[in-house]
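Below: one structure, written as structure tokens.
The values are calculated or read from the model by the stated rules, or taken from the named source; none is laboratory data. Nothing here was measured: the structure is a model prediction, and the numbers come from that model. Neighbour counts run over all protein chains shown; Cβ positions are idealised from the backbone, glycine included.
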Amino acid sequence: MSVRHFVSTIALGLSLFTPFAVFGQTPQSYSWSDTPPNVASTTWTTQQIGTFLTTITGALAPITVADFTFADLDADGQLELLASVDFSGRQLFNTFVIVRRQSNNFEVQQIETLGVQTLQGTYADLKGDGREELLVPTALTPYLGAATPQATWTAIYGWNGLLLVDASSQFTAYYQSMILPSLLQALTHLQATSPGTIQVDIAQIQYDKALRISGQNPTAGLSLALSWASAGDSTHRILAAAVLADIGTAAALTALHGLATDPDPDVVIYTQAAVQSLAALHFTSVQILIKPGSAPSPISLSAHGSIPVAILSTSKFNAPTSVQISSLTFGSTGTEKSLLICNSNGQDVNGDGILDLVCHFDSQAASFQLGDASATLRGQLKDGTNIAGRATIVVVSD
Amino acid sequence: MLPKMRSNRPVGAIAVLLFLLGLGTPRAKCQTTINFGGLPDGTLVTSQYQNLGVIFLSSEAGGPQARITGGAIPGPDYLCPGPTGASDQFNGSITLTFSSPVVAFSSSIADGPTTLTGYAANGQTQTVSYGGGSPHAALNLNPSFVITQAVFTGTFYCVDFVSFTGGFAIIMPTDNAKFSLTDSTYTATSPITFQAGPIAASATVQWTAQLNYATSGGRGSFQDLRNFTTDSTTTTHNETYTSIGGKVTIQAKENGSNPQSAPPITIYVVGIGIPDADITMRLVNLYGGATPNLMTGIAVRESSYRQFITRSLFSVSALWPTESPDGGSHIGLMQMPTTQADAWDWTANTADGTHFFLSAKVPLAQHLTSLIIKGHPGLRQLTAVELEHVAVCLYGAGALPKLSQQYYAPVKTASGGWDWAVNSSGNPQGVAYTNYVFGHLR
């Protein structure tokens with residue numbers, strides 16, 4: 001039995017336990033219930049967890065684990081595995097992995113982060129509802145090499161069904177009480193000790209982001225970014241592009257697009273990246289149904305064909321008439337150009353009497369991978385508004 | 001440099017007493033007396049006695065102005081603060097800086113309230129003041145003394161002589177000296193000479209040189225401990241630091257009938273500016289792929305082509321290994337995970353980075369693209385340079401694991417087939433990183 005074959009049989013629910021002689025003691029051999037003895041009551045090494053994750057995700061390069069924990073993050077009585085991992089081989093540890101066991105499947109959600117060496121302080125029950133939020137160090141400005149500091153902020157991911165989603169805007173009080181004061185203190189200290197340095201500017205970017213996300217000032221940092229956009233040095237113009245994209249107002253976007261024709265090709269490179277990030281930074285959520293009208297079934301990695309996805313209309317949102325069909329992308333990350341065709345006439349797939357938009361996507365071009373916990377659809381409305389929808393899936397190899 | 005012993009003129013009673021005490025010790029300590037004899041009138045006294053281990057600096061307004069004078073003040077040669085060589089009211093100070101600590105010090109002030117004595121602790125700054133009419137209290141060992149007027153009395157103050165006795169101390173290297181990796185293609189220091197003295201004829205000196213390094217965030221910590229011995233015959237010892245650097249704490253202990261330890265000193269083994277041409281040549285030689293100078297672009301992005309940059313570490317500003325902004329999880333030209341070798345040996349850093357690229361990233365790029373091609377019938381193979389694009393994207397901070405997050409992604413062609421397109425939407429930062437690298441090849 002190959003590893004891949006074994007995982008597929010796990011996914012199909014044919015076997016619960018791993019033959020020890022083949023796999024040794026791995027987490028899938030133990031109970032994931034929160035009742036001891038369970039997977040959390042056993043001592044694992046980071047190497048074992050890395051091997052486990054590599055196996056269940058079918059990762060194309062060995063996964064290195066910096067830190068991990070088993071905890072009931074969503075208070076459902078089942079343990080989840082939370083790990084900070086590296087796919088790069090350079091120990092960058094830029095990804096959180098959350099593994100939940102659903103029946104006999106392992107569903108893996110990946111969240112981009114930034115150099116997380118330890119999980120200490122990365123999850124907490126901020127709402128007091130028993131469910132843990134994930135505090136995700138997130139890049140605000142691009143990596144510009146060792147000589148230039150990178151602005152970061154702490155995004156807060158909360159539970160939406162079975163997935164952790166960016167819910168930062170719901171935690172304004174937390175940002176105001178826990179994040180803003182320390183950022184202001186750091187900024188003030190740097191202004192006093194290192195005036196005129198880029199460290200001060202990075203601290204300012206971080207503080208302004210916290211002001212925006214906490215609702216205190218939705219355009220904090222705009223005037224500074226606009227001044228940087230016309231600054232003499234390219235580094236500040238690159239920083240400006242990132243900040244302007246994050247702010248996302250009309251004035252910010254105008255300046256951002258202006259940087260796309262900057263005489264310095266480096267500024268153009270990073271401005272293009274900032275423009276591309278807009279779809280992920282600013283979007284309206286839409287509800288999607290994968291394979292509507294049929295019982296939930298796994299997505300097979302080897303299947304060639306189409307995956308129907310319905311964008312659900314509501315009383316205030318008419319999907320068939322509002323969505324710019326040609327803009328739709330769908331798949332493992334939501335950027336996959338997998339669109340085949342849409343039924344632009346609409347079809348009521350959920351019985352609410354409102355026509356929904358059903359589109360079909362190429363299953364191979366969607367680029368799903370083993371363990372993918374969700375599928376993402378992205379696109380635009382005809383008025384230019386970015387949209388995104390996400391739904392849980394089960395991926396199997398056969 | 002060992003101080004010469006000289007005493008060619010009568011000195012004050014207290015100084016004589018100190019002199020005798022100095023001679024009375026069983027050790028080979030030398031008392032050095034400087035009486036300024038032989039210098040022409042009007043001579044500005046600064047470094048004339050550097051070979052005896054002391055430099056003079058006066059603080060009179062207008063710069064160093066302590067000069068030799070004769071005349072009204074008894075005796076042939078005195079050091080006076082006057083700008084013209086004539087005796088002058090001494091309103092400033094004269095600082096004596098010794099090349100190694102002294103255990104005894106005295107001076108005689110002509111026309112003043114007689115004599116000052118004392119010694120001071122290494123690392124402290126003590127002031128020997130006069131004008132108050134009484135000898136100064138004993139000071140601690142100190143490599144620097146300041147003779148100054150505590151109370152202006154309107155009388156002349158000229159220095160008749162100074163006398164000092166050196167203690168067992170580390171003579172070489174000097175405290176806080178920096179040694180760069182100048183040799184062996186910028187991976188090793190020149191030989192660093194260690195010497196301590198004075199020591200008794202039969203004594204030996206046991207040395208320890210403890211090197212410590214860690215990044216500003218405490219990453220990659222390592223130590224290097226060296227023990228060696230000198231004696232009265234073999235007075236010096238050379239050490240070379242290769243592929244290593246940091247803060248070195250040096251201790252010397254004299255073993256013999258009268259064992260004693262010298263005040264410890266600290267030196268720093270630091271980096272050096274490696275010529276860009278040397279870096280380029282090495283990176284091109286190491287790689288040999290479709291884009292021969294591809295590694296140079298990575299080094300530009302990762303480190304601005306600098307194995308070492310000027311920054312503060314151990315509270316010392318010097319050329320230290322180029323750290324990643326997170327406190328040094330990654331280091332050097334190619335920003336490899338921090339290790340001793342990758343921090344201090346640029347040849348190891350470039351070799352490791354290139355090897356990692358060739359052995360891990362290129363094969364992974366090939367594997368990923370083959371999987372993408374498998375899922376998109378008719379999709380062509382990538383060219384060698386295009387494959388390098390994918391591999392560079394996987395090297396950088398924008399490296400992402402999914403098939404749809406690589407540098408290229410398949411897109412439908414007008415004829416219904418598949419072709420590759422730059423995956424700007426699937427991995428914006430990875431694409432930006434890669435484009436920057438290819439835009440800065442050297």
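Among the listed residues A:L73, A:L79, which satisfies the condition of being in contact with a helix residue (DSSP H, G or I) (Cβ under 6 Å, 6 or more places away or on another chain) and modelled with pLDDT of 95 or more? Please lay out each step first, then the result.
Values: A:L73 fails: in contact with a helix residue (DSSP H, G or I) (Cβ under 6 Å, 6 or more places away or on another chain).
Unique residue meeting the criteria: A:L79.
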Among the residues of the range A:344-358, which ones are within 19 Å of A:K382 (Cα to Cα) and small (G, A, S)?
-> A:S344, A:G346
Cβ pairs under 6 Å, 6+ apart or interchain, first in the range B:426-441 and facing chain A (nearest Cβ under 8 Å) and over 22 Å from A:K337 (Cβ atoms), second in a helix (DSSP H, G or I) and basic (K, R), ordered by first then second residue, are B:Y436/B:R301
From A:Q102, A:Q91, A:Q176, residue being within 20 Å of A:V39 (Cβ to Cβ), of a type in the set (S, T, N, Q) and surrounded by fewer than 22 Cβ atoms within 10 Å (Cβ to Cβ) = A:Q102
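Of these, B:T182, B:T189, which one is modelled with pLDDT of 50 or more and surrounded by 14 or more Cβ atoms within 10 Å (Cβ to Cβ)? Show your work before the answer.
Working: B:T182 fails: surrounded by 14 or more Cβ atoms within 10 Å (Cβ to Cβ).
Answer to the selection: B:T189.
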Where residues in the range A:268-295 are away from chain B (no Cβ under 11 Å) and of a type in the set (A, V, I, L, M), which of them is nearest to A:D383 (Cα to Cα)?
-> A:V286
(1) in a helix (DSSP H, G or I); (2) away from chain A (no Cβ under 12 Å): which one isn't true of B:Q381, the others all being true?
-> (1)
Take the range A:356-398 and flag every residue that is of a type in the set (S, T, N, Q) and in a strand (DSSP E or B).
-> A:S374, A:T376, A:Q380, A:N386, A:T392
Does the range B:375-387 contain at least one residue that is modelled with pLDDT of 95 or more and of a type in the set (D, E, K, R)?
-> yes
Residue check: is A:T271 of a type in the set (S, T, Y) and surrounded by fewer than 21 Cβ atoms within 10 Å (Cβ to Cβ)?
-> no
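Which residue is nearest to B:A177 (Cα to Cα), if the candidates are limited to the range B:346-356 and must be more than 10 Å from every other protein chain (Cβ to nearest Cβ) and surrounded by 24 or more Cβ atoms within 10 Å (Cβ to Cβ)? Steps first, please.
Just the residues of the range B:346-356 that are more than 10 Å from every other protein chain (Cβ to nearest Cβ), to begin with: B:346-352, B:354-355.
With the extra rule that they be surrounded by 24 or more Cβ atoms within 10 Å (Cβ to Cβ), the set shrinks to B:346, B:349-350.
On the way: B:W346: 23, B:N349: 26, B:T350: 29 Å.
Among them, the one singled out is B:W346.
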If we ask which residues in the range A:204-241 are within 14 Å of A:Q176 (Cα to Cα) and in a helix (DSSP H, G or I), their number turns out to be 8
Evaluation of B:T215 against (1) surrounded by 18 or more Cβ atoms within 10 Å (Cβ to Cβ); (2) among the hydroxyl-bearing types (S, T, Y); (3) assigned to a helix (DSSP H, G or I) (one fails), failing number = (3)
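Residue check: is B:L294 hydrophobic (A, V, I, L, M, F, W, C), at pLDDT 95 or above, surrounded by 21 or more Cβ atoms within 10 Å (Cβ to Cβ) and over 29 Å from the mean Cα position of the chain (by Cα)? Give the steps one after another, and end with the answer.
Working: hydrophobic (A, V, I, L, M, F, W, C): yes; at pLDDT 95 or above: yes; surrounded by 21 or more Cβ atoms within 10 Å (Cβ to Cβ): yes; over 29 Å from the mean Cα position of the chain (by Cα): yes.
So B:L294 passes the test.
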Can we say B:V362 is at the interface with chain A (Cβ under 10 Å from one of its Cβ atoms), in a helix (DSSP H, G or I) and β-branched (V, I, T)?
-> no
Among the residues of the range B:404-417 satisfying the criterion of being surrounded by 23 or more Cβ atoms within 10 Å (Cβ to Cβ) and more than 16 Å from A:Q272 (Cβ to Cβ), which is farthest from the other protein chains (Cβ to nearest Cβ)?
-> B:Q406
Every residue from the range A:32-61 that is in contact with a Leu (Cβ under 9 Å, 6 or more places away or on another chain), more than 24 Å from B:Q405 (Cβ to Cβ) and among the hydroxyl-bearing types (S, T, Y) = A:S33
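Give, as residue ranges, the strands (runs of 3 or more DSSP E) completely inside the range A:290-355 that count at least 2 residues that are more than 27 Å from the chain's Cα centre (by Cα) and more than 28 Å from B:P428 (Cα to Cα).
Values: elements: A:306-311, A:323-331, A:339-347.
Once the strands (runs of 3 or more DSSP E) in the range A:290-355 are filtered for at least 2 residues that are more than 27 Å from the chain's Cα centre (by Cα) and more than 28 Å from B:P428 (Cα to Cα), what remains is A:339-347.
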Residues of the range B:303-345 that turn out to be away from chain A (no Cβ under 11 Å), assigned to a strand (DSSP E or B) and in contact (Cβ under 8 Å) with a residue 24 or more places away in the chain, as a count | 6
Being in contact with a strand residue (DSSP E or B) (Cβ under 7 Å, 6 or more places away or on another chain) and either touching a residue at least 12 places away in the same chain (Cβ under 8 Å) or surrounded by fewer than 23 Cβ atoms within 10 Å (Cβ to Cβ) (or both) narrows it down to one of A:Q276, A:Q364, A:Q287, so name that one.
-> A:Q287
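Given the options B:G426, B:G398, name the one that is modelled with pLDDT of 90 or more, buried (at least 21 other Cβ atoms within 10 Å of the Cβ), of a type outside the set (D, E, K, R) and assigned to a loop (DSSP other than H, G, I, E, B).
On the way: B:G398 fails: modelled with pLDDT of 90 or more.
Within the list B:G426, B:G398, the selection yields B:G426.
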In the range B:284-301, is there at least one residue being of a type in the set (S, T, Y), within 12 Å of another protein chain (Cβ to nearest Cβ), in contact with a Leu (Cβ under 8 Å, 6 or more places away or on another chain) and under 22 Å from B:A397 (Cα atoms)?
-> no
Could you pull out every one of the strands (runs of 3 or more DSSP E) wholly within the range A:42-137 that has 3 or more residues that are polar (S, T, N, Q), touching a Ser or Thr at 6+ places or on another chain (Cβ under 7 Å) and away from every other protein chain (no Cβ under 12 Å)?
-> none
Among (1) within 22 Å of A:A59 (Cα to Cα); (2) at the interface with another protein chain (Cβ under 7 Å from one of its Cβ atoms), where does B:I372 come up short?
-> (2)
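With the structure loaded, tell me whether A:P298 is closer than 30 Å to A:F106 by Cα and either surrounded by fewer than 13 Cβ atoms within 10 Å (Cβ to Cβ) or out of contact with any Pro (no Cβ under 7 Å at 6 or more places or on another chain) (or both) or whether it fails that test. Even if it seems obvious, please write down each step before you answer.
Working: closer than 30 Å to A:F106 by Cα: yes; either surrounded by fewer than 13 Cβ atoms within 10 Å (Cβ to Cβ) or out of contact with any Pro (no Cβ under 7 Å at 6 or more places or on another chain) (or both): yes.
When the stated conditions are applied, A:P298 passes them.
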